[in-house]
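Reading through the structure tokens given below for one structure.
The values are calculated or read from the model by the stated rules, or taken from the named source; none is laboratory data. Please read all numbers here as calculations on a predicted model, not as lab measurements. Neighbour counts run over all protein chains shown; Cβ positions are idealised from the backbone, glycine included. Heavy atoms of the whole protein, side chains included, go into the accessibility calculation; ligands, DNA and RNA do not. Shrake-Rupley method; radii C 1.70, N 1.55, O 1.52, S 1.80 Å.
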Amino acid sequence: MRADPTDYKLVSPGSLQGVLSLLSAEPKRWLPIAGGTDVMVLYSAGKLPNRNLVNLWNVPELRQLEVFPDRIRIGATCTYSSLRNHAIVSREFPLLATAASWTGGIANQNRGTLGGNIANASPAADSLPALLVYDAELTLVSLRGERRVPYREFHTGYKKTVLAPDELIRDISLPRRFSGYVTYTRKVGARNAQAISKVCLAALGRIANGVIQDVHLALGSVAPIPLRLTETEQLLIAKKIHSSLFGTVRRTLIQEIRPIDDIRSTARYRTAVAGNLVVEFLGKLTAESARS
Amino acid sequence: MASSNERHIVGTSVPRKEGRDKVTGAARYVDDMTLPGMLYGATVRSKIARGKIKKISFDPGVLWDDFVVVTAKDIPGKNCIALILDDQPCLAAETINHPEEPILLLAHADRHKLRKAVEAVTIEYESLPPVHSLEESEKQSTIIWGTDNVFKKFLVEKGEVDSVWSQAAHIVEGEYFTGAQEQLYIENNGVIASFDPQHGVTVWGSLQCPYYVHKALLALCGLPENKVRVVQMETGGAFGGKEEYPSMIAGHAALLAMKSGRPVKIVYDRMEDMVATTKRHPSRTRHRTAVSKDGKILGGEIEFVIDGGAYATLSSVVLSRGTIHAGGPYYWPSVRIRTKAVATNTPPHGAFRGFGAPQSLFAMERHMDRIAEVVGISPIEIRRRNFLKPGQTTTTQQTIHEKIDLDSLLSRALELSDYHAKKKRFAVENKTGTRKKGMGIATFLHGAGFTGSGERYLNSLVGVEAGADGVVRVLVSSAEFGQGTNTVLCQIAAEALDLPYENVMIAQPDTTVVPNSGPTVASRTAMIVGKLVQSAAVGIKRTLSNAGLLGDSYTPEQFRTACREFIAAHGALKSEVRYDAPPGVYWDDEKYRGEAYAAFAWAVYVAEVSVDLASYSVTVDDFVALQEVGKVLHPVLAEGQITGGVAQAIGFALYEKVIWQDGRMVNNQMTNYIMPTSADLPPIRVFFEQNGNIHGAHGAKGIGELPMDGPAPAIVNAVEDAIGVRFNSIPLLPEDLFEALQRESLEAVTSSSNSTRGTR
């Protein structure tokens, strides 16, 4: 461990009110920590700049996962394990349950939280494309009050979000309206487990009479933020799926994404794989729609 | 191994000697140990690849009085890591030759204070132009080592190569590359050193070769032999990565302990371990082979070059093994093998399981597939037509006396892997879909023990002693680091003495207790040390029987009584045996000719892969590892060695890429240096043939390194079989595959697969 523990301070108010009061009093001073699966990695490497941490792990208001007739509301500190093991999540939001199963190992999944994954705002985060395609909505709270933000408007740039320094993500709502959809998700990482994605696609769609009625596509690791592919979606709506369409799909997708060369992969590779995954999804959409 | 007794210990899977302690957490690793007054040490390392140290300054914001500071000036003996050429300094004094080169040492009672202190030391340099690749080093436009950047050269010549080219129906050329690889033992490098004037220096550490560390400390500390003691603690993996580097970290801790008078612990974290310590030598091999119309090798030229990094360390020995294995298990009527190890400004590359052989064998086995293609016969047939047979000679003109039948070994491997049926099936299935499947083979050999005259120079000594309680202790410096040394040597001694396995123990390697049985390397422990243990154990029995205390057959109780009576009369019961080179073994170090190894293990590996054209990734779906290893002493451990070696070699082939920037590894974390997980590995199906070996204990040969040699070429051969694209460089990552497909045939492949997809 490269950090000096005496340089750091951790407080644990134990209630949402307590945490928000602290954030309100000294907005830029405190870094919220829940499961710590991102924060502690930086700490251990001696690279955690924030010296003052406020604990969210024991805040009960953030732990709940509630099911309503029209939506589910996931408390920000619900862990990947709790998502994986939740019957409604597994049945109705398989893209999210699958993404939760990809993240780290079991120990990480027992500690890592969905809210933390969102706030950490890595473009390579496994669960974020799934939240994008499910049209997630976030509730942000502070002592000033609460506001609702569509998740697709949350990220504004690399590691930049609309979250104010005195705000916390309280919960994530997912509408329960995707039961008839064909879903597809694939993470292409450097290995089959314990990997950071090079490209990750979450997709869902619905076909009637051979024509695409609705389609949602979101990619991770191909832009500074997790990206919903609105142009490509628009292109596909009301189309019949045929291989002659794939060239246009790839070209449109290339216009939308902004992949880079980094230590994990190359922009060229990411671009090609992103196109391949969308094509693979369209294949599945055709095949499963024909079957049903 | 005729035993008058029903008991057979050798060949059975007895419990590991240290297994219970490891499972229950009772095993003591160096980081579990604390000594009174102990300090923690850290290393200030160079930030540049090559240059001169101009000035060292200390940030006044740190309370330096609380720190012990050691520089090269504090070294009492010679500033080098004594090994072969003694060219590597323990601490850089004036000249820097690679990034992360140790310059200065710090120690403090609070380990958390060290990181900031390391960063508070500023070193000013005058940079010199560095050399960062094997090719650049060969050009010699910048000389960074000696007069020509060359650590070592070998030339092997057999027959008249120059005359074969005119007779050849085909001349096949190829160039092959392998990358660096990190050993990734679970436990990072670590030691504790203590010093007092009366006892001298004691080092406890995670290491493979107690007497290498002992030798290095004698030179560094300027102490007599009896004032240096090295103790091996339980060691969490090594794979060669703890062959030479422990001498460095032990030296550092010893210098801090000598200066402070207090014990000092240095344990690297993963980032430091990966960035600063040794890795597998990157290599380049060129083949030019003359082949007859029917696919017989007539002769060839092989050029093998390895990148040794900044200092000579073990490169000459790695080169030697790579040189001798370069011709594979084939008969070469004539051959010229030119090899060299060159210098670059990167941390020295070092020992890693296989030790040069995986590099040159990757080239040989890829090249065999290439030859097959040119001749127009199958990869199977080309090998059958060229296999070494008993009575023929290797490239170093060693006559094969073993009864090895590679033809049958290959046939059995093909059967076990269902090779032909799968080939047929894949040919049909690959016409559609985006997952293309292929089969690949590699046939190879691995010499056990030190090369040529090496074992004679080592002159290993082992001891076996018995106590008055009838408990026998094996005394060797051979270290357990997960591979099973403790268990196998105890099995051998127990079998030799007709005693239950439980009655034989092994001493903790401690240079004040155990003799120098040589380093724990080169797949030599079971074969060479095992044989010496067997003889020493027999010596105990003979001593007791000569004293009239023991008959031909006896119970453990009778043995105990005999020991008690002998010790009462003579004080101690100990038998020592020194290595005696087998007669008639001839090796010429100058011409690199003769009996390179006392025995070879032989193997045929078969890989089944699929290539996913959506992600350009290769998955190994099935793996058959068939090998002839003389005698399997412990089936579970032997299978574990093969399985682990194959897994590690799959990493070498498809996953593990060291990313270099100005001579420094920049992906020195396990998130970015990708080793395969269990979710990436195929079923690894291990099979043995056991022909015996007169030189090894109970007929054993070495097996530890063998499984590292074959998987990479088998896998890359299978990839070519799957998609028809030739790759000659590893690691083969999805990005490489993508770029190659872009170049070759991306359009054809995707359009056909997409249309099938659309109409399914």
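What residue, among those in the stretch A:125-163 that are assigned to a loop (DSSP other than H, G, I, E, B), hydroxyl-bearing (Ser, Thr, Tyr) and in contact with a Phe, Trp or Tyr (Cβ under 8 Å, 6 or more places away or on another chain), is farthest from A:Ala76 (Cα to Cα)? Don't jump to the end; show me each part of the working.
Let us first name the residues in the stretch A:125-163 that are assigned to a loop (DSSP other than H, G, I, E, B), namely A:125-127, A:134-136, A:143-144, A:154, A:158-159, A:162-163.
Now narrow it down to the ones that are hydroxyl-bearing (Ser, Thr, Tyr): A:127, A:134, A:158.
With the extra rule that they be in contact with a Phe, Trp or Tyr (Cβ under 8 Å, 6 or more places away or on another chain), the set shrinks to A:127, A:134.
Numbers: A:Ser127: 13, A:Tyr134: 16 Å.
Taking the candidates together, the pick is A:Tyr134.
Only residues in the stretch B:626-655 that are within 14 Å of chain A (Cβ to nearest Cβ) count as the first member; pair them with residues that are among the hydroxyl-bearing types (Ser, Thr, Tyr) and part of a helix (DSSP H, G or I), Cβ under 9 angstrom, at least 6 apart or cross-chain, and list the lot.
B:Ala647/B:Ser678
Within the stretch A:261-279, work out how many residues are open to solvent by less than 30 Å² (accessible area, probe 1.4 Å), within 8 Å of chain B (Cβ to nearest Cβ) and not in a loop (DSSP other than H, G, I, E, B).
Number of matching residues: 6.
Please give the strands (runs of 3 or more DSSP E) falling wholly within the stretch B:31-148 in which 1 or more residues are within 14 Å of chain A (Cβ to nearest Cβ) and more than 31 Å from the chain's Cα centre (by Cα).
Details: elements: B:39-45, B:51-58, B:68-70, B:102-108, B:121-127.
Answer list for the stretch B:31-148: B:102-108.
Would you be able to say whether some residue in the stretch B:453-461 is under 18 Å from B:Val636 (Cβ atoms), outside any loop (DSSP other than H, G, I, E, B), modelled with pLDDT of 95 or more and not β-branched (Val, Ile, Thr)? Working first, answer last.
First, the residues of the stretch B:453-461 that are under 18 Å from B:Val636 (Cβ atoms): none.
Among the residues of the stretch B:453-461, not one is under 18 Å from B:Val636 (Cβ atoms), outside any loop (DSSP other than H, G, I, E, B), modelled with pLDDT of 95 or more and not β-branched (Val, Ile, Thr), which makes the answer no.
Scan the stretch B:266-276 for residues that are surrounded by fewer than 24 Cβ atoms within 10 Å (Cβ to Cβ) and either more than 14 Å from chain A (Cβ to nearest Cβ) or assigned to a strand (DSSP E or B) (or both) and jot them down. Don't jump to the end; show me each part of the working.
Quick first cut of the stretch B:266-276, residues surrounded by fewer than 24 Cβ atoms within 10 Å (Cβ to Cβ) only: B:267-276.
Result: B:Val267, B:Ala276.
Return the total of residues in the stretch A:139-163 being surrounded by 12 or more Cβ atoms within 10 Å (Cβ to Cβ) and on the phi > 0 side of the Ramachandran plot.
1
One line per residue, one yes/no per condition, for (1) hydroxyl-bearing (Ser, Thr, Tyr); (2) under 30 Å from B:Asn97 (Cα atoms); (3) touching a Gly at 6+ places or on another chain (Cβ under 8 Å):
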residue	(1), (2), (3)
B:Ser615	yes, no, no
B:Thr619	yes, no, no
B:Asp622	no, no, no
B:Val632	no, no, yes
B:Gly651	no, yes, no
B:Gln661	no, yes, no
B:Val666	no, yes, no
B:Asp680	no, no, no
B:Ile684	no, no, no
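Need pairs with beta-carbon distance below 8 Å; first residue touching a residue at least 24 places away in the same chain (Cβ under 8 Å) and within the stretch A:69-89, second of a type in the set (Phe, Trp, Tyr); sequence gap 6+ or separate chains.
Hits for this filter: A:Ile72/A:Phe93; A:Thr77/A:Trp57.
Going by the conditions given, is A:Ser221 among the polar types (S, T, N, Q), open to solvent by 50 Å² or more (accessible area, probe 1.4 Å) and within 14 Å of chain B (Cβ to nearest Cβ)?
Values: among the polar types (S, T, N, Q): yes; open to solvent by 50 Å² or more (accessible area, probe 1.4 Å): no; within 14 Å of chain B (Cβ to nearest Cβ): yes.
Spelling it out, it is not the case that A:Ser221 is among the polar types (S, T, N, Q), open to solvent by 50 Å² or more (accessible area, probe 1.4 Å) and within 14 Å of chain B (Cβ to nearest Cβ).
Starting from the stretch B:707-725, take each residue that is within 8 Å of B:Ala649 (Cβ to Cβ) and list its partners that are surrounded by fewer than 24 Cβ atoms within 10 Å (Cβ to Cβ) and among the small types (Gly, Ala, Ser), counting only C-beta distances under 9 angstrom and pairs at least six apart or across chains.
B:Pro707/B:Gly644; B:Pro707/B:Ala647; B:Pro711/B:Ala647
Please find, within the stretch A:184-216, the residue that is surrounded by the fewest Cβ atoms within 10 Å (Cβ to Cβ) out of those that are over 22 Å from A:Leu114 (Cα atoms) and more than 14 Å from every other protein chain (Cβ to nearest Cβ).
Step one: of the stretch A:184-216, the residues over 22 Å from A:Leu114 (Cα atoms) are A:190-191, A:205-215.
Checking the rest, the ones that are also more than 14 Å from every other protein chain (Cβ to nearest Cβ) come to A:205-206, A:208-209, A:211, A:213-215.
Working: A:Gly205: 27, A:Arg206: 16, A:Ala208: 10, A:Asn209: 7, A:Val211: 13, A:Gln213: 13, A:Asp214: 15, A:Val215: 26.
Among those that are over 22 Å from A:Leu114 (Cα atoms) and more than 14 Å from every other protein chain (Cβ to nearest Cβ), it is A:Asn209.
Can you confirm whether the stretch A:2-15 contains a residue that is outside any loop (DSSP other than H, G, I, E, B), within 14 Å of another protein chain (Cβ to nearest Cβ) and of a type outside the set (Asp, Glu)? Give the steps one after another, and end with the answer.
The first filter runs over the stretch A:2-15 and keeps only residues outside any loop (DSSP other than H, G, I, E, B), leaving A:5-7, A:9-11.
Those left that are additionally within 14 Å of another protein chain (Cβ to nearest Cβ): A:5-7.
Within this subset, residues satisfying the condition of being of a type outside the set (Asp, Glu) are A:5-6.
Yes - at least one qualifying residue is present in the stretch A:2-15.
B:Lys574 is checked against (1) within 14 Å of another protein chain (Cβ to nearest Cβ); (2) in a strand (DSSP E or B) and fails just one. What number does that condition carry?
(1)
If we keep just the residues of the stretch A:164-183 that are of a type in the set (Ser, Thr, Tyr) and in a strand (DSSP E or B), which is most open to solvent (accessible area, probe 1.4 Å)? Lay out the reasoning, then the answer.
To start, the set of residues in the stretch A:164-183 that are of a type in the set (Ser, Thr, Tyr) comprises A:173, A:179, A:181, A:183.
Still in the list and also in a strand (DSSP E or B): A:173, A:183.
Working: A:Ser173: 9, A:Thr183: 30 Å².
Looking at the filtered set, the residue picked out is A:Thr183.
Just give me the residues in the stretch A:220-269 being basic (Lys, Arg) and more than 19 Å from the chain's Cα centre (by Cα), in sequence order.
Kept after step one, since they are basic (Lys, Arg), are these residues of the stretch A:220-269: A:228, A:239-240, A:250-251, A:258, A:264, A:268.
Passing the criteria: A:Lys239, A:Lys240, A:Arg250, A:Arg251, A:Arg264, A:Arg268.
Could you check how many residues of the stretch A:236-260 are more than 10 Å from chain B (Cβ to nearest Cβ) and either hydrophobic (A, V, I, L, M, F, W, C) or within 21 Å of A:Ile196 (Cβ to Cβ) (or both)?
10
In the stretch A:237-254, what residues are out of contact with any helix residue (DSSP H, G or I) (no Cβ under 7 Å at 6 or more places or on another chain) and open to solvent by less than 40 Å² (accessible area, probe 1.4 Å)?
The initial filter retains those residues of the stretch A:237-254 that are out of contact with any helix residue (DSSP H, G or I) (no Cβ under 7 Å at 6 or more places or on another chain), namely A:237-238, A:240, A:244-245, A:247, A:251.
Those that are out of contact with any helix residue (DSSP H, G or I) (no Cβ under 7 Å at 6 or more places or on another chain) and open to solvent by less than 40 Å² (accessible area, probe 1.4 Å): A:Leu245, A:Gly247.
Could you list, in sequence order, all residues of the stretch A:83-137 that are among the aromatic types (Phe, Trp, Tyr) and open to solvent by 10 Å² or more (accessible area, probe 1.4 Å)?
Going through the stretch A:83-137, the residues among the aromatic types (Phe, Trp, Tyr) turn out to be A:93, A:102, A:134.
Residue satisfying the conditions is A:Trp102 alone.
From (1) of a type in the set (Gly, Ala, Ser); (2) under 19 Å from the mean Cα position of the chain (by Cα); (3) not in a helix (DSSP H, G or I), pick out the condition that doesn't hold for B:Ser360.
(3)
Determine, yes or no, whether B:Ala496 is buried (at least 24 other Cβ atoms within 10 Å of the Cβ), farther than 30 Å from B:Gln183 by Cβ and touching a residue at least 40 places away in the same chain (Cβ under 8 Å).
Working: buried (at least 24 other Cβ atoms within 10 Å of the Cβ): yes; farther than 30 Å from B:Gln183 by Cβ: yes; touching a residue at least 40 places away in the same chain (Cβ under 8 Å): yes.
Spelling it out, B:Ala496 is indeed buried (at least 24 other Cβ atoms within 10 Å of the Cβ), farther than 30 Å from B:Gln183 by Cβ and touching a residue at least 40 places away in the same chain (Cβ under 8 Å).
Does the stretch B:199-222 hold any residues that are in contact with a Cys (Cβ under 6 Å, 6 or more places away or on another chain) and closer than 17 Å to B:Leu91 by Cα, and which are they? I'd like the intermediate steps shown before the answer.
Kept after step one, since they are in contact with a Cys (Cβ under 6 Å, 6 or more places away or on another chain), are these residues of the stretch B:199-222: B:201, B:220.
Within the stretch B:199-222, B:Leu220 is the sole residue that qualifies.
Of the conditions (1) over 11 Å from A:Asp166 (Cβ atoms); (2) part of a loop (DSSP other than H, G, I, E, B); (3) more than 14 Å from chain B (Cβ to nearest Cβ), A:Lys28 satisfies every one except a single condition; which number is it?
Failing condition for A:Lys28: (1).
A:Ala290 versus (1) at pLDDT 95 or above; (2) within 9 Å of chain B (Cβ to nearest Cβ): which is the lone unmet condition?
The one condition A:Ala290 does not meet is (1).
Condition first: in contact (Cβ under 8 Å) with a residue 12 or more places away in the chain and open to solvent by less than 10 Å² (accessible area, probe 1.4 Å). Can you find one or more residues in the stretch B:65-78 that meet it?
Filtering the stretch B:65-78 for residues in contact (Cβ under 8 Å) with a residue 12 or more places away in the chain gives B:66-78.
Next, from what is left, pick out any that are open to solvent by less than 10 Å² (accessible area, probe 1.4 Å): B:70.
Yes, the stretch B:65-78 has at least one match.
Step by step: first the residues of the stretch B:317-356, then only those that are in contact with a strand residue (DSSP E or B) (Cβ under 8 Å, 6 or more places away or on another chain) and aromatic (Phe, Trp, Tyr), then the one that is surrounded by the most Cβ atoms within 10 Å (Cβ to Cβ). Which residue is that?
Result: B:Trp332.
Give me the pairs: first residue in the stretch B:131-160 and within 18 Å of B:Ser320 (Cβ to Cβ) and modelled with pLDDT of 95 or more, second residue aromatic (Phe, Trp, Tyr) and part of a loop (DSSP other than H, G, I, E, B), beta-carbon distance under 6 Å, and six or more apart or on different chains, which are they?
Taking only residues 6 or more apart or on different chains, the pairs are B:Phe154/B:Tyr592; B:Val156/B:Tyr592.
Condition test on B:Gln483, is it assigned to a loop (DSSP other than H, G, I, E, B), open to solvent by 20 Å² or more (accessible area, probe 1.4 Å) and not acidic (Asp, Glu)?
Numbers: assigned to a loop (DSSP other than H, G, I, E, B): yes; open to solvent by 20 Å² or more (accessible area, probe 1.4 Å): yes; not acidic (Asp, Glu): yes.
So B:Gln483 passes the test.
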